[in-house]
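Single-structure report; data block below.
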Amino acid sequence: MTRVLGLDPTNTSSLTDAYTRIYEQIPILVRFFKKWVPGFSSSYLGEIAPMLGVRESRRILGDYVLTAEDLVAGRQFEDAVSMGAYHIDIHRPAGTWVDSHNVRAYTIPFRSLIARDVDGLLMAGKCLSATHEAVASTRVIPICMGQGQAVGTAAALAVRQGVSLRQLSIQSLQDTLAAQGAEFGRTVGDPDWAAIEEVGQLPFDEPPTTGDKDSASSVGSAWVGAAAKN
């Protein structure tokens with residue numbers, strides 16, 4: 001629930017200021033939980049995360065740049081080594097408004113995890129080769145874990161076989177990941193249409209956004225003000 005806007009994660013002064021602002025928010029939230037959330041009246045603060053969770057910073061350009069279009073279309077790459085289905089979730093730095101776009105289950109190609117024009121360098125997580133919009137989906141922990149398993153396995157296979165990363169057999173890498181139980185689209189199976197019919201699915205034809213001061217943000221601001229008075 002803590003939030004800092006306008007942070008520059010490449011600047012130590014900005015990071016220091018962000019930590020100060022975050023620590024100021026924590027006691028306010030603790031009081032809120034104790035007063036307003038059922039079951040929390042006797043709760044207490046046990047631990048604070050040791051690091052800020054920065055949503056996005058620098059990324060490394062790879063052999064392929066994953067895009068929002070890939071995610072929305074649910075692209076299935078031949079060199080897929082991981083996959084995701086989290087929506088594109090962009091928090092505007094200027095305010096509380098969130099730019100959200102639904103996606104179809106997509107795969108992440110090995111090429112997006114290999115640094116361009118560099119031999120022997122892999123990346124996983126928030127620094128993968130992807131656009132600003134695509135990272136807003138791939139940044140979440142389960143998808144980052146899948147990337148990490150893929151690059152760790154690829155590095156081990158390349159060393160064992162005595163080949164460069166780009167010479168590594170994609171089939172061999174995928175077979176090894178599948179044997180480990182990793183999911184990259186091979187065994188996910190066809191959609192469960194009965195479940196989809198029962199639960200429904202998110203729309204892909206979304207209304208145009210109205211900017212940083214939409215109705216949801218206005219309501220949120222009013223709620224924050226009311227809570228502060230109490």
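The values are calculated or read from the model by the stated rules, or taken from the named source; none is laboratory data. The structure displayed is predicted, hence computed values, not measured ones. Cβ coordinates were reconstructed from backbone atoms using ideal geometry, including for glycine residues, and neighbour counts include every protein chain displayed.
Table for the structure above
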read-out	value
Contacts under 8 angstrom Cβ, first residue in the range 106-119 being modelled with pLDDT of 95 or more, partner of a type in the set (Lys, Arg), 6 or more apart	Tyr106/Arg75; Thr107/Arg75; Ile114/Arg166
Residue in the range 189-208 that is nearest to Val81 (Cα to Cα), counting only those that are touching a residue at least 40 places away in the same chain (Cβ under 8 Å) and either in the same structural domain as Ala73 (by TED's automatic domain parsing) or of a type outside the set (A, V, I, L, M) (or both)	Phe204
Residue check for Arg59: farther than 10 Å from Ile108 by Cα, crowded, with 16+ Cβ neighbours inside 10 Å and either within 16 Å of the chain's Cα centre (by Cα) or among the acidic types (Asp, Glu) (or both)	yes
Close pairs (8 angstrom Cβ cut-off, 6 or more residues apart or separate chains): closer than 10 Å to Val103 by Cα in the range 61-76, among the hydrophobic types (A, V, I, L, M, F, W, C) and in a loop (DSSP other than H, G, I, E, B) anywhere	Leu71/Val103; Val72/Val103; Val72/Phe204; Gly74/Val103; Gly74/Ala105
Test: Tyr44 is of a type outside the set (A, V, I, L, M), in a loop (DSSP other than H, G, I, E, B) and under 28 Å from Leu177 (Cα atoms)	no
Candidate set: the range 157-168, residues that are farther than 15 Å from Ala179 by Cα and of a type in the set (A, V, I, L, M, F, W, C); chosen: the one farthest from the chain's Cα centre (by Cα)	Val163
First in the range 1-27 and touching a residue at least 40 places away in the same chain (Cβ under 8 Å), second anywhere and exposed (fewer than 13 other Cβ atoms within 10 Å of the Cβ) and in a loop (DSSP other than H, G, I, E, B), Cβ under 7 Å, 6 or more apart	Leu5/Pro93; Gly6/Pro93; Pro9/Ser57; Thr10/Ser57; Thr10/Arg58
Count of residues meeting criterion [modelled with pLDDT under 85 and either in contact with a Lys or Arg (Cβ under 6 Å, 6 or more places away or on another chain) or on the phi < 0 side of the Ramachandran plot (or both)] in the range 188-205	8
Residue identified as within 13 Å of Ser82 (Cα to Cα) and more than 23 Å from the chain's Cα centre (by Cα) among Thr153, Thr176, Thr138	Thr176
Residue match in the range 39-48 (condition: more than 21 Å from Gly189 (Cα to Cα) and touching a Cys at 6+ places or on another chain (Cβ under 8 Å))	no
Unique residue being assigned to a helix (DSSP H, G or I), assigned by TED's automatic domain parsing to the domain that holds Arg166, out of contact with any Pro (no Cβ under 6 Å at 6 or more places or on another chain) and crowded, with 19+ Cβ neighbours inside 10 Å when the list is Ile108, Ile143	Ile143
Whichever residue in the range 162-187 is modelled with pLDDT of 95 or more and polar (S, T, N, Q) and, among such residues, is farthest from Arg75 (Cα to Cα)	Ser164
